[in-house]
1. Using only the Cα atoms of segment 2-82, each taken as one equal point scatterer with no solvent, compute I(q) by the Debye sum, divide by I(0), and report log10 of the ratio at q = 0.14 Å⁻¹.
2. Read phi for every residue in segment 61-66 and hand back ³J(HN,Hα) as whole Hz from Karplus 6.51 cos²θ - 1.76 cosθ + 1.60, θ = phi - 60°, with x for Gly and Pro.
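Quick note: the coordinates plus some simple rules give every number you see, no bench work behind them. Since this is a predicted model, take the numbers as computed values, not measurements.
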Amino acid sequence: MNGIKKVFGSKAASAVVAVILIAGLLMCAFFVSRHVCHDCIGEDCEICQCIMLCRENLTSLADITTACSSIAAFALILITLCATFDASSFADDTLISCKVRLNN
C-alpha cells in the first residue's frame, strides 16, 4: 500500500496521469474520426483493427464514467436524505417531552 502512495501520492503525479489519459482519449477520437471512411482491404485491415481498438477504449471509458457518476449521484442523494432527516425528527412527542403536567 505504501508503494502505491509513493507513486500516486502527489498531486503532480495525479495531474500528469490525468493529462496523459485525456490526451490518449483525444487521440483515439481523432484517429477514428479521420479514418472512418478509409479504403478497407478486407479482413486483415490494420486501420480497421486500430479503429476497433480505439472504439473499445472510448466505450470502456464511457462505461466507467457512467458507473462513477451513478455512484456519486446515489451517494449525494443518501447524504442529502441523512442530513434532512435526523434522528430527532423521527422521535414521537410524548406528554413528558411536551412538559404536560399530569395531575391526578
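1. -0.73
2. Running phi through 6.51 cos²θ - 1.76 cosθ + 1.60 with θ = phi - 60° gives 5, 5, 5, 5, 5, 5 Hz.
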